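The values are calculated or read from the model by the stated rules, or taken from the named source; none is laboratory data. Here the structure is a predicted model, which is why all the values come from computation and not from measurement. Here Cβ is always computed from backbone atoms with ideal geometry, including for glycine, and neighbour counts include all displayed protein chains. Only protein heavy atoms, including side chains, enter the accessible area calculation; ligands, DNA and RNA are left aside. Shrake-Rupley method; radii C 1.70, N 1.55, O 1.52, S 1.80 Å.
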Amino acid sequence: MELHESVMQSNGVVIFRLVLAFFRFVLVKMFEKTSIAFLSLVEGLSMKGTAEDDVATFDQLSKRWWEPNGPMILLHRLNKLRVPMVVEGLIKVGKLDRKQRYTTDALKGLNILDVGCGGGIYAEALAKLHANVVGIDPARHLIEVAKAHAEAQSDIKDRCHYYEQSMEEHWQGAANKYDVVVLSETIEHVVDKSSLLKHVAEVLKPGGSVFISTWNKTSWSWLLAVVVLENIMKRLPKGSHDYDKFVSPEETEAILEAYGCRTIEQRPFYLKFWESEWVWVPFNQLTYALHAVKG
């Protein structure tokens, strides 16, 4: 009797192990199929547009650029993080006095270049703090929108100047001209990031600051930017982001370092997409902002 029970228990263990092995096999196969599907989706959704395609995409949105709750809502909301970061960053490096943190003219007298300025959302916010801002963008219709919007505001129209130019065109007559250069949601649309940041370093004054905000190069950033925001929620223009052009903070820092700009701060942030609100976060898987200083 005891022998029979022992055999039954032994058979039960064998059956359990076989069932466990079966489920393990099924899970592995499911993972393989899911991985293949995921990679196919990546290939399908990562639309590898040219620089001209990117310009055309944003040009088409020019008429609605200044609608606070329109297609560019995420850029309008991003000012909540990126403008204070410029002020705080300049205080940290001694370019501004701490007392200027909350003043309405905190950036008075500073010359700032906004690379990839679009319709001027970021540039105008900096000009309202009394900076002298130059915005450049190769998208003609966006530059027209930026000029018209600034011209209609007497408090900033003399401090905002826009040009239909790429950085490659602009830098040649602007060596050591700017106290600050900002590139917000710009570098992820550029193929030759090294050339772009080289020119950024060249137009900065010694001791000048560059502020960059962009998407990290991770699967999570691709999922949020391309799948969720472009294709599901339609909060970003479809086809405007190509994962191959995303750049990690480590690579951005290394390029800047090669051209004499030392990174002094890197801060990850995240989009609460259900509320269209950007917030600073402790994890660096999605988007990040970076501040570097030219030595």
Gain in span if fully extended, N231 to Q172, counting 0.36 nm per residue against the direct Cα distance: 17.3 nm
Output for the range 204-249: trypsin sites (Lys or Arg not before Pro) sitting in coil per DSSP, at most 13 other Cβ within 10 Å, listed by number, reads K234, K238
Sort Y288, Y259 by heavy-atom solvent-accessible area, probe 1.4 angstrom, most to least. Y259, Y288
Work out from phi, with θ = phi - 60° and the Karplus expression 6.51 cos²θ - 1.76 cosθ + 1.60, the ³J(HN,Hα) of each residue of the range 166-173, listed in order in whole Hz, and give x for Gly and Pro. 8, 5, 5, 7, 7, 5, 4, x
Once the Cβ-Cβ distance between A148 and L74 is put in as r, and R0 is 30 Å, what FRET efficiency do you end up with, to the nearest 0.05? 0.85
Once R77, R98 are ranked on solvent-accessible area with the largest value leading and a 1.4 Å probe, the list reads R98, R77
